[in-house]
């Protein structure tokens, strides 16, 4: 455990220093090490979003000269502001990673204004030069293409040509995933449909199980998810004997027979690069983003049920994606109400700003956003 | 399958699945309240039971041992509640909230290492083997706990009506004076009812973690324990009505996702609130002022 | 021997009636009663701390380290203390939502619903007034929030007064319904189209937000909370309205026999409590978020229940109790990081404290030393 040798004397010393120093970080407490703080909105071991970040943090922990602080289940209210301040004042953190989307505005921004010498990096793509302070920044992973590959594999495997998606809320990031999944499957067979069910919250195990069962009842034989903790849906799918594609982290262990592949975050490389730069004293980049091509996102190894044809096609598309500049949303593209959402001749790469205000479900998705 | 039957089967399935924890907690609460005590801590017993069941099943490999552990854990929590409420001047509603907090806290605390692993689950009985449709088959894939719950409800109803023990419980709950006149050990009967009731709530929790949704994490319960208290009022303290009420709630809970599958997705939050609205409406319709709720035990602190 | 002489009798009578009959010990009874109100909960807290220490020892963690960290994270320095104050601020108001109806013998636990609806109403009410001077906007928000909260809990009170429906269950169910309605509206009709990935209502604008109290990092919710606690203490203990409430709470039939308007009292008390909770919601919007979004449902209502019971529903006692619970929560993060224990530890501690204080209720009036000494 990291703080075994932490004597009471140091505790009092640190308190005195913090009280005297006011807003300056209490560097007496951890003199030589770089103190990095991670803040999660949910539990670290949710087999999902937070676990992906925690796995990255674990890599950072193994680096020398680093002390890692972690706090989980911090709500997106003043709580996170106080947590950040507490990490800075009482523990001497100089680099903070608040990982949940809702931490950015106003919470992280307010705290960043108060502590101009501390660096804050947020997971989400909101940092704008000139609008936000220089000691803040964003790192963002584009995982839509991962769902696209999921869709390709699902398209090959599905026998009923019906896919399912258990989603939390109809926000652009989620809609992008639903659409990418569907578009990927339809490159295999244009008659494939995806049924989406919104549970309304990021983590509601009973609703997610209910949704997964409802989808299976419909004759759907491959599902995927966008919720904070995919564990329940994956296990339910396995029990119903249908296939599943993972998200956030690798859920192969939960569904040994039915797991096809999955779109996982690969935060380790992102965190490592930030921390190394901080250790060397170099300025940290303010806006870092990438997808499969940049190593921010990776695909799970294929499960036993994936046929050779699926692997070949998925690998081929992946190779194209890795070259960069691949676009899934290209015209002409209609939504499931018949409107044209991407004009003919246009194509949006994954980093296109237009995709960040997506409010439609493409043709082939059964369900609505409202 | 056409839309109507899809939703109907989904509601049936939801009814059978989601209702079981409600069933157990409401029967347990029914027993406790018949004896004149209200136990809001059943939510804590539910969560604790879920955690203990999962953890024990994982550690020992036997889900049945997990079930037993859940019962014992719930009973222990009930013992604390019962013992303290038996002291004078302790408000049992507040105590129930305290037990709920404490039980939930302990469950989350010790349950941390069990969020990730997968524990062996309780087997189900495939009652739908006669059907070709996978939907029907999975809908009728019922857990033995469901039948246990129904059996317990029937047994409890019979006990209340036909046995001396049931009569004693009812007297203690209806009128402490009459009980004292008869020389019944009020404190002991109430304590026992609370302990058994809480143990049943723990069993309901075991269902959550070992049958459906068959996972342990901190968001497992969405207030089922507390809603079950409302269920008991709705059921007029009759264990048989508890069965119907639990089935109704289970169906209401399954309404949201199943409606989305047939394309009705506007306002899904409102559908998720359906069970609670249902209870409120039922309470409004069936309770009138002046006349206290028919069937309510006289000693319950709901009466003022 | 003459036992009952007329002289002795007269002397005895005179002794009983003379002022000297009030011995010095009896005059200290009010002091002893106050001491009882202080010592019993204190003992309960100490016992809870002791039980929790055993729990920690069982886990091979040092209780000394734990409490040192709690002290440090809650009160040890100015930053921590402000953290505690900040967390206590909304709890003062939500505790009042439980404490006020409790004087009538009602147990209302649906404050969470009033908080979110109050916040939503406040955020919505700001929108037509944007561009007007901030004072107007804030007034509109405050009014809307207070009325929304009052209406919601008042509804539970009405159901109790007019239909006899138990307010504990109805307020709880209403809280769930409120949450569902809140989510529906925030993500549907009132959703700000620019709030893409975190559905919220339209922002009220930085100019309309409440600034922190001067010299501190704490928002005005603290001031509102303290004023509300003081005001309601006066209301309950020093006005005839408050007295009527206590009488009704003591024995509802006697109150009715006396002609007290019991139904009206119930509804008003619930509405006042709901108004406090609604105010807490509006302040969260106006001082922290700037709009209404899902983070508003942060459990303030439920923590308020705990504090109200800890304070035995006395508005003055709510303040130190809110500080205690706020402090424990504030130090939770530090404890989590340093001792490597899950955050549920704080839940367990709160549960034990709650249990201990509720159990200690039974000791009031049982210990001889605190009781009035009779002249006979």
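No value in this document is a laboratory result; all are computed from the given coordinates. The structure displayed is predicted, hence computed values, not measured ones. Virtual Cβ from ideal backbone geometry, glycine too; neighbours counted across all protein chains shown.
General remarks:
- Helix axis angle, A:231-240 relative to chain A longest principal axis, alpha carbon, degrees: 30
- In this simple spin-label model, placing a label point 7 Å from the Cα along the Cα-to-Cβ direction at both residue A:327 and residue B:64 gives a separation of 6.3 nm.
- Shielding of peptide C:359-365 by partners, expressed as the average count of other chain Cβ atoms within 10 Å per residue Cβ, is 5.
- Protection proxy ranking of C:32-43, C:151-162 - average other beta-carbon atoms within 10 Å, highest first: C:151-162, C:32-43
- If you take the Cα centroid of region A:202-242 and the Cα centroid of region B:60-134, the two points sit 24 Å apart.
- Rounded Å value of the spacing that divides the Cα centres of region C:289-361 and region C:87-114: 13
- Among A:86, A:64, B:131, A:300, the ranking by other beta carbons within 10 Å of each residue's beta carbon, starting with the fewest, stands as A:64, B:131, A:300, A:86.
- With R₀ set to 56 Å, the beta-carbon distance separating residue A:59 from residue C:136 gives a calculated FRET efficiency near 0.60.
- Distance between region A:33-78 and region A:319-370 - C-alpha centres, whole angstrom: 33
- Inter-label distance for residue C:28 and residue C:367, nm, one decimal - labels placed 7 Å from Cα along Cα-to-Cβ: 1.4
- Secondary structure note: in the protein assembly as shown, about 25% of the DSSP beta bridges are antiparallel.
- When only Cα pairs below 8 angstrom with a gap of at least 6 residues are kept, region A:280-349 shows a relative contact order of 21 percent.
- Principal-axis tilt of helix A:308-323 within chain A, Cα atoms, nearest 10 degrees: 50
- For residue C:194 and residue C:51, the difference between the fully extended length at 0.36 nm per residue and the C-alpha to C-alpha distance is 46.4 nm.
- Acute angle (nearest 10 degrees) that the helix A:78-91 long axis makes with the longest principal axis of chain A, alpha-carbon atoms: 40
- Each label point was placed 7 Å from the Cα along the Cα-to-Cβ direction; for residue C:59 and residue A:110 their separation is 2.9 nm.
- Within 10 Å of the Cβ of each residue in C:100-110, the mean number of Cβ atoms contributed by other protein chains is 2.
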